[in-house]
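Here the structure comes first, spelled out in structure tokens, and everything after it is commentary.
Each reported figure results from applying straightforward, stated rules to the coordinates on display, with no laboratory input. Note that the coordinates shown come from a computational prediction; the quantities given were computed from them, not determined experimentally. Here the Cβ positions follow ideal geometry from the backbone for every residue, glycine too, while neighbour counts run over all protein chains shown.
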Amino acid sequence: MSEPSVFTRILQGEIPAEIIAETENVFAIRDIAPQAPVHLLVIPKTAQYRNVVELAASDPVLLTELVGLANTLAAEYSDGDFRLVFNTGPGAGQTVFHVHAHVLSGGLEEGRLGG
Ligand code: AMP
């Protein structure tokens, strides 16, 4: 067994973080190092999928639940428009191998692909 991910440890209360929203299978926190005025992470409660490709292949219903919560939070925390980013692989900047979506919103007009 590998070590629990930082997100599992947050979910279990071992690392302090405010869970700002949750559904049956997904939860959300604020990113600790925000890259946009609104920068949230939406995360499946299960750690069994390392990235969005694995999640989509194995449990598309869970991926849909994740996208739905991202949409709800973008409306709640911003104007409803948002970027949904899944870094996939270390070369793309993924550092936590427990699939999660970055919800980025606010002040994103410049640079359509971010960065
Ligand atoms: P990624 O680089 O796509 O794997 O995203 C991991 C994200 O998790 C980064 O944006 C980090 O800032 C964020 N992160 C790491 N530890 C924490 C934490 N304890 N609370 C909130 N966000 C975190």
Computed over segment 6-105, the distribution of all Cα-Cα distances in 5 Å bins, rounded to whole %, is 3, 14, 25, 27, 21, 10, 1
Relative contact order (%) - the chain, alpha-carbon pairs under 8 angstrom, separation at least six: 28
Approximate spin-label separation Gln48-Ala75, in nm, with each point projected 7 Å along Cα-to-Cβ: 3.0
